[in-house]
1. Treating only the Cβ of Lys, Arg, Asp and Glu as charged (+1, +1, -1, -1), what charge dipole size does the chain show about its Cα centre? Round to the nearest 20 debye.
2. May I ask for the Kirkwood hydrodynamic radius of the stretch 98-213, worked out over all distinct Cα pairs and given in angstroms to one decimal?
3. Give, as ranges by residue number, the residues of the stretch 8-38 whose backbone N falls under 16 Å from the point 7 Å along Cα→Cβ of Q82.
4. Distance in nm between label sites at N190 and A62, each 7 Å beyond Cα in the beta-carbon direction?
5. Return the lysines within reach of K185: Cα separation strictly under 25 angstrom, same-chain partners fewer than 8 residues apart disregarded; answer none if there are no such residues.
6. Quick query: amide H of I28 versus all other amide H atoms, modeled in the peptide plane; which residues come in under 5 Å with a sequence gap of 5 or more or a different chain?
7. Kirkwood hydrodynamic radius (Cα pairs, Å) of the chain?
8. Show me, for the stretch 205-222, the HN-Hα J-couplings you get by feeding each phi into the Karplus relation (A = 6.51, B = -1.76, C = 1.60, θ = phi - 60°), rounded to Hz, glycine and proline as x.
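Taken together, the values in this text are just the output of simple stated rules run on the coordinates, not laboratory data. On a predicted model such as this, the values are computed, not experimentally measured, just so you know. Heads up, the Cβs are rebuilt from the backbone with ideal geometry, glycines too, and the neighbour counts pull from every protein chain shown.
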Amino acid sequence: MEAIILSAGRGSRLLPLTEDLPKCLLPIGLTTVLGLQLDTLQRAGVEKVTVVTGFNADMVAAEIDNRPAGPKVKKLFNPFYQVADNLASCWMARKAMKNDFLLINGDTLFSPKLLDIVLTSPSAPIAVTIDKKEHYDGDDMKVTLDGARLTAIGKTLTPQETNGESIGMLRFMGEGRKIFKNEIKSLMTNNKGTKSWFLSAIHGMAQNGIPIETINIQGNTWSELDTPEDYEICRRLFGNSEAARARFSVL
């Protein structure tokens, strides 16, 4: 299993923290957001990672090049990061989708146990990692399920349609890789492609009857990083204390 991390964005909602520093380089304990992602992937045996960069790409490249150990990392620059959403980053990384891979948002942090669940779950061409909770807000990437199969995904789903939320980690295996690449190509060749999230590709496929499975990681630790409040949660969970560092140590 390989991994693709989408880390092109600046993180404007985190200003002034991201005035010059890309969101993926915000400090978490003794490392950074990207560093912790790579450490966790290394622990799980993922040996090859592609990181899609954008804002201040040279700083992200330096972070990767200065790592003393870890998976082999290929850097891909997305020159459209200022004018396009993350579907364009997937388009840039399509040649890295030759083998089974995880697709991970650059602002999603996750515990080693959660990653182990994703990697060892039953095989499926396309699987979206989800969590479940009592209440969902407008920022949550909500999902509609039919059993364990995803039938819709988006931030605008109504409470009645919502059965969980995507955490920003997907797994593609076998024919799922080609199906996803074909959907990316289809979206990027119309006038909405550069303004689309890659999860819009997942929604479109689900709506057209392509099986999209889910992996439920409810009860395991993860967090997304969009706001200063999120950053405090990430620091508390993943490295702002010796207890957290010991709990989530991966090296």
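1. Details: 29 positive and 29 negative charges, 173 e Å.
With Lys and Arg at +1 and Asp and Glu at -1, about 820 debye.
2. Details: mean 1/r = 0.0680 Å⁻¹.
When all Cα pairs of the stretch 98-213 are included, the Kirkwood radius is 14.7 Å.
3. 8-12, 19-22
4. Each label point is offset 7 Å from its Cα along the Cβ direction, giving 4.3 nm.
5. K48, K74, K75, K95, K98, K142, K155, K195
6. Amide H neighbours of I28, under 5 Å, 5+ apart: V33.
7. Details: mean 1/r = 0.0550 Å⁻¹.
About 18.2 Å, per the Kirkwood formula over Cα pairs.
8. Going residue by residue, I get 5, 4, 5, 8, x, 6, x, 10, 7, 10, 10, 8, 10, 3, x, 9, 8, 7 Hz, with x marking Gly and Pro.
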